Every structure is written in structure tokens, then in C-alpha cells.
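Contents: one structure, followed by commentary.
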Amino acid sequence: RVTEKYGVGPAPIMGIWGLESDYGASTGGFHVIEALATLAWEGRRAAFFRSELMDALKIIEAGDITPERMTGSYAGAMGQPQFMPDSYLKFAVDFSGTGKRDIWNDPGDIFASVANYLAKSGWNGALPWGVPARLPAGFDAALAGRDNRKTLADWTRLGVVPGRKLPPETMAAVLLPGGAGGEAYLACHPNFLAIRRYNPSDFYCISVGLIGERVTA
């Protein structure tokens, strides 16, 4: 039902859910208001955490959660998908129709909120996050990197072979997470960037993709 509504398949949702909270087993036991107030006072990123604190208070004011039950990480990331309050206000949804956006306990709200995050970040349901790739001998590693995007047709002309069939007009970048000579992936855009908006790390994005595919295989 979540996939039908948001156009995001189960794999990236399961990958994010697993990495963020071990499928709900580790969501953090800090009281979010106290954590954010401390970080807003502490100073290194005071403006950011002050803004997040104000957003957390808006969530409580809306009646979605009580202060006592609003728990998360030491930095204020909340619930099973580990949304910061700003992300919660933008992307959390009441998929189950209870009148509350419960990313702490309600599976429907949890899955739909992650899907909504990805959908609003540009997810294309017709494409995967990426695919393994086989590179030609002597591939120039300088061509790798998420910002060096080419169509699949262009990569094919350079001898790059994707691990599964993709439309030739697919925009992708070659990633070498272990450096030249290691594993290679074609990161599909815009989906790779949608995951990266959740966490700006290429390693995170690759992990989400691979774990999600294994879990849902």
C-alpha cells in the first residue's frame, strides 16, 4: 500500500529502516526536548539545534506525541526512521489514519514517512538506487564519482557493463567505494541523490541499497 501511494518500493525503505534503527530495535533513549535544549545551549551548532528544538515543540503542540514519549538519539533524531524534528514536520505522515504521525511505534506511519521523504526528494519508481557494474580493463578512475554523471548509453560505449538491464537514457555515475580495482557500482540518478538527502554519505547510500535488496529478495 505504501508503494502504491508513494511510488517507492520496499527495498530502500527496508534499507533505511535497518540502518537507522536496526528495524526498530535501537531508536535511542534520550528525551528529545532535553537533548536538543542541551545542544542548543552547548554552542557548536547552536542555531541549528535551536531551530530543531522549536520544531520539536511544534510537534508536541500538534498532539502527535507527548514529551515523555518523544525519545530519540542524543542529537534529537527521533523514532524508528530517526527523523530530525524538521524532517518530521516536512515528511512524517499519518498513513494508518489514527490522527497522529507515529514514527515511534506505528509500522504504517514509519514506512510511509520514509517513502514520502524519498518521493519528495525526487525518487523515480521505475529505477533502482543503482546496480553493480563491471568495468573494462584500464578504466580511468578519474571518471568515477557521483558528480560525473553520464547516460547508461555513454557508459556502455566506454565499456562499463551494468549488472542488470536499465534504460539507455538512465543517468548514472560510477562509484568505486573501495578505490580503483575494487567493487564498482552504477549509481542511478535521481534515486541515489534521494537517499543521499537522508544521509549525505556515499557509503550510507550504497549500504541502504544493498541491505534493502537483500532483505526484500
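Sort ASP154, ASP140 by accessible area with a 1.4 Å probe, largest first. Spell out each step's value before the answer.
On the way: ASP154 55, ASP140 85 Å².
The most accessible residue leads, giving ASP140, ASP154.
Run a plain Debye calculation on segment 101-217 (Cα atoms as equal point scatterers, no solvent) and give log10 I(q)/I(0) at q = 0.09, 0.22 Å⁻¹, rounded to two decimals, same order as the q list.
The Cα Debye sum returns log10 ratios of -0.26, -1.28.
What are the semi-axes of the equivalent ellipsoid for the chain, taken as the square roots of 5 times the Cα gyration tensor eigenvalues, largest first, in whole Å? Present the calculation step by step, with values, prior to reporting the outcome.
On the way: eigenvalues 259, 73, 37 Å².
One finds semi-axes of 36, 19, 14 Å for the chain.
Find the relative contact order for the chain and round it to a whole percent, using C-alpha pairs within less than 8 Å whose residues are 6+ positions apart.
Numbers: 377 pairs, mean separation 49.0, N = 217.
Relative contact order for the chain comes out at 23 percent.
What angle, in degrees between 0 and 90 and rounded to the nearest 10, separates the Cα long axis of helix 107-120 from the longest principal axis of the Cα atoms of the chain?
Around 50 degrees separate the two axes.
Mind ranking 17-24, 101-108, 60-67 by how tightly packed they are, going by the mean number of other C-beta atoms within 10 angstrom, highest first?
Working: 17-24: 17.9, 101-108: 19.9, 60-67: 13.9.
Highest mean packing first, the order is 101-108, 17-24, 60-67.
Rank-order 158-171, 70-83 by packing density, defined as the average count of other C-beta atoms within 10 Å over each peptide's residues, highest first. List each step's numbers first, then the result.
Working: 158-171: 14.1, 70-83: 22.8.
Averaged packing, sorted descending, gives the order 70-83, 158-171.
Considering all alpha-carbon pairs of segment 1-42, what whole percent are spaced by more than 12 angstrom? Walk me through the numbers before you get to the answer.
Details: 597 of 861 pairs.
That tail contains 69 percent of the Cα-Cα pairs.
I'd like the projected area of segment 45-172, averaged over all directions, using the convex hull of its alpha carbons. Report it in nm² with one decimal. Please report the intermediate quantities before stating the final value.
Values: hull surface 43.5 nm².
Directional mean of the projected Cα hull area for segment 45-172 stands at 10.9 nm².
Taking only pairs that are 8 or more places apart or on different chains, how many Lys pairs in the chain have Cα atoms under 14 angstrom apart?
On the way: LYS5/LYS120; LYS58/LYS90; LYS58/LYS100; LYS90/LYS120.
For the chain, the number of qualifying lysine pairs is 4.
Considering only DSSP states other than H, G, I, E and B, which trypsin sites (Lys or Arg not before Pro) in segment 1-72 qualify as loop sites with at most 11 other Cβ atoms within 10 Å? Walk me through the intermediate numbers first.
Numbers: sites: ARG1, LYS5, ARG44, ARG45, ARG50, LYS58, ARG69; in loops: ARG1, ARG44, ARG45, ARG69.
Answer in residue order: ARG1, ARG44.
Roughly how big is the chain's charge dipole about its Cα centre, with Cβ charges of +1 (Lys, Arg) and -1 (Asp, Glu), in debye to the nearest 20? Walk me through the intermediate numbers first.
Values: 21 positive and 22 negative charges, 137 e Å.
The dipole magnitude comes to about 660 debye.
Angle check, please: helix 32-42 long axis (alpha carbons) against the longest principal axis of the chain (alpha carbons), in degrees 0 to 90, nearest 10.
With both axes taken from Cα atoms, the answer is about 80 degrees.
The values are calculated or read from the model by the stated rules, or taken from the named source; none is laboratory data. Just so we're clear, the structure is a prediction, and the values are computed from it rather than from any experiment. Here the Cβ is made from the backbone with ideal geometry for all residues, glycine too, and neighbour counts use every protein chain on show. In case anyone asks, the SASA skips ligands and DNA or RNA and just uses the protein heavy atoms, side chains included. Shrake-Rupley method; radii C 1.70, N 1.55, O 1.52, S 1.80 Å.
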